[in-house]
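Here is the structure we will look at, set down as structure tokens.
The values are calculated or read from the model by the stated rules, or taken from the named source; none is laboratory data. Here the structure is a predicted model, which is why all the values come from computation and not from measurement. Neighbour counts run over all protein chains shown; Cβ positions are idealised from the backbone, glycine included. Note: areas computed on protein heavy atoms with side chains; ligands, DNA, RNA excluded. Shrake-Rupley method; radii C 1.70, N 1.55, O 1.52, S 1.80 Å.
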Amino acid sequence: MSGWTSANIPDQTGRTFVVTGANSGLGAEAATALVGAGAEVILACRNTVKADAVAQPLGPKATVAKLDLADLASVRSFAESVTGADVLINNAGLMAVPLQRTADGFEMQIGTNHLGHFALTALLLPKISDRVVTVSSGLHQLGNLQLDDLNWEKRRYNRWRAYGDSKLANLMFGLELAHRLRDAGSSKQSFVAHPGYAATELQGRTETVMDFLMKLTNKTPMVQSAAAGAWPELYAATMPGLESGTYYGPTQFFGLHGAPGRNRYKKIADDASVRARLWEESEKLTGVTFDVASAG
């Protein structure tokens, strides 16, 4: 893994990837790198105009499809449109936005980052032949999941804590999916990745002074490009011989940048009982039954 970059992606000819949020940032870079390695990529995006601008230079191997993770009807419609794929990359996300609600009444960050991807993965898993990669964040360390109040209806809203909760949920979901796939005897795999600190459009939406500070920070050497930030998810999505349930991220400067490798994560994510409760609550909220055993 030392020095690994997107240039080291094995030949992906004949393989199909679904990448959520591929209209900008990490997702756009991942889609570009995958097409460059010979793959066909479905750019699953809410903003299809921006996605078209990413896909057009990539040629016929890149196609755009409408997916709004903040609307379960859109998630179901998109899932029905997919006939099959090898890999699903749950990449899309929002960070530290003011209190908003999804079309289904969920707090926007847990609804988009976790619940939308949870439902999408459940609906697509029978059509995925190889693996699922879910993108978390080093800021999952801020998370303190309140499983009886995932939607911030009982607590005073804190946008950064809500982001941390959603990213911790991403991590715990990816780990639990790997566990359940193994128990079901499935050959399918689940991985979790995080980008470190990469300069993307994710920053700048808090509507606070932090937007200005993050834009300044993005220009410093401690921050890597969006292309480099996509390496961990690309590594997890394409490399053979990986152990399902592994968490990948940058390996330099306290996990902020550098080549991808195994990373540590918040200990609570190893609590199987908490992961199971999150899973059950996610099924209840989305109304989507996640039948791993029959997913093949």
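In segment 1-13, which residues are open to solvent by 50 Å² or more (accessible area, probe 1.4 Å) and not in a helix (DSSP H, G or I)?
Within segment 1-13, the first condition is being open to solvent by 50 Å² or more (accessible area, probe 1.4 Å), and the residues that meet it are 1-3, 7-8, 11, 13.
Once the filter is applied, which keeps residues that are open to solvent by 50 Å² or more (accessible area, probe 1.4 Å) and not in a helix (DSSP H, G or I), segment 1-13 yields Met1, Ser2, Gly3, Asp11, Thr13.
When you scan segment 56-94, how many residues do you find that are assigned to a helix (DSSP H, G or I), touching a residue at least 24 places away in the same chain (Cβ under 8 Å), open to solvent by 10 Å² or more (accessible area, probe 1.4 Å) and closer than 22 Å to Val35 by Cβ?
The number of residues fulfilling the criteria is 1.
Out of the residues in segment 271-296 that are part of a loop (DSSP other than H, G, I, E, B) and either out of contact with any helix residue (DSSP H, G or I) (no Cβ under 9 Å at 6 or more places or on another chain) or at pLDDT 95 or above (or both), which is surrounded by the fewest Cβ atoms within 10 Å (Cβ to Cβ)?
Within segment 271-296, the first condition is being part of a loop (DSSP other than H, G, I, E, B), and the residues that meet it are 271, 287-296.
Now drop any that are not either out of contact with any helix residue (DSSP H, G or I) (no Cβ under 9 Å at 6 or more places or on another chain) or at pLDDT 95 or above (or both), which leaves 271, 287-288.
Values: Asp271: 12, Gly287: 10, Val288: 20.
The selected residue is Gly287.
Considering every residue within segment 98-110, establish whether at least one is more than 29 Å from Ala237 (Cβ to Cβ), open to solvent by less than 10 Å² (accessible area, probe 1.4 Å) and not β-branched (Val, Ile, Thr).
First, the residues of segment 98-110 that are more than 29 Å from Ala237 (Cβ to Cβ): 98-101, 105.
Narrowing further to those that are open to solvent by less than 10 Å² (accessible area, probe 1.4 Å): none.
Within segment 98-110 (the criterion being more than 29 Å from Ala237 (Cβ to Cβ), open to solvent by less than 10 Å² (accessible area, probe 1.4 Å) and not β-branched (Val, Ile, Thr)), the answer is no, since none of the residues qualifies.
I'd like the full set of residues that are within 15 Å of Ile268 (Cα to Cα) and polar (S, T, N, Q), limited to segment 152-187. Don't jump to the end; show me each part of the working.
Taking segment 152-187 and keeping what is within 15 Å of Ile268 (Cα to Cα), we get 164-176.
Across segment 152-187, the qualifying residues are Ser166, Asn170.
Would you mind stating whether Asn151 is surrounded by fewer than 16 Cβ atoms within 10 Å (Cβ to Cβ) and modelled with pLDDT of 95 or more? Explain how you work it out, then say what you get.
Working: surrounded by fewer than 16 Cβ atoms within 10 Å (Cβ to Cβ): no; modelled with pLDDT of 95 or more: yes.
Criteria not met by Asn151.
Tally up the residues in segment 154-166 that are of a type in the set (D, E, K, R), open to solvent by 10 Å² or more (accessible area, probe 1.4 Å) and assigned to a helix (DSSP H, G or I), please. Please lay out each step first, then the result.
First pass over segment 154-166, keeping only residues of a type in the set (D, E, K, R): 154-156, 159, 161, 165.
Now narrow it down to the ones that are open to solvent by 10 Å² or more (accessible area, probe 1.4 Å): 154-156, 159, 161.
Adding the requirement that they be assigned to a helix (DSSP H, G or I) leaves 159, 161.
Looking only at that region, the number is 2.
Within segment 152-201, can you find the residues that are out of contact with any Ser or Thr (no Cβ under 9 Å at 6 or more places or on another chain) and among the charged types (D, E, K, R)?
Scanning segment 152-201 gives Glu153, Lys154, Arg155, Arg156, Arg161, Asp165, Asp183.
Considering segment 216-269 alone, what residues qualify as being touching a helix residue (DSSP H, G or I) at 6+ places or on another chain (Cβ under 9 Å), of a type in the set (Val, Ile, Thr) and either at pLDDT below 95 or assigned to a loop (DSSP other than H, G, I, E, B) (or both)?
Val223, Thr246
Considering each residue of segment 21-54, count those that are in a helix (DSSP H, G or I) and open to solvent by 10 Å² or more (accessible area, probe 1.4 Å), and give that number. Spell out how you get there, then give the answer.
As a first pass, look at segment 21-54 and keep what is in a helix (DSSP H, G or I): 25-36, 48-54.
Filter once more, so that each one left must be open to solvent by 10 Å² or more (accessible area, probe 1.4 Å): 25-26, 28-29, 32-33, 35-36, 48-50, 52-54.
Residues in segment 21-54 being in a helix (DSSP H, G or I) and open to solvent by 10 Å² or more (accessible area, probe 1.4 Å): 14 in total.
When you go through (1) under 10 Å from Pro195 (Cα atoms); (2) open to solvent by 60 Å² or more (accessible area, probe 1.4 Å) one by one for Arg262, which number turns out not to apply?
(1)
Kindly indicate whether Thr16 is among the hydroxyl-bearing types (Ser, Thr, Tyr) and either surrounded by 20 or more Cβ atoms within 10 Å (Cβ to Cβ) or at positive phi (or both). First the steps, then the outcome.
Values: among the hydroxyl-bearing types (Ser, Thr, Tyr): yes; either surrounded by 20 or more Cβ atoms within 10 Å (Cβ to Cβ) or at positive phi (or both): yes.
The answer is yes for Thr16.
Here is a yes/no grid of residues against (1) out of contact with any Lys or Arg (no Cβ under 9 Å at 6 or more places or on another chain); (2) under 24 Å from Lys167 (Cβ atoms):
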{"residue": "Val64", "(1), (2)": "yes, no"}
{"residue": "Thr83", "(1), (2)": "no, no"}
{"residue": "Asn90", "(1), (2)": "yes, yes"}
{"residue": "Met95", "(1), (2)": "no, yes"}
{"residue": "Pro98", "(1), (2)": "no, yes"}
{"residue": "Arg101", "(1), (2)": "yes, yes"}
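Can you name the residue in segment 117-148 that is open to solvent by less than 10 Å² (accessible area, probe 1.4 Å) and part of a helix (DSSP H, G or I) and is also nearest to Gly21 (Cα to Cα) among such residues?
Among those that are open to solvent by less than 10 Å² (accessible area, probe 1.4 Å) and part of a helix (DSSP H, G or I), it is His117.
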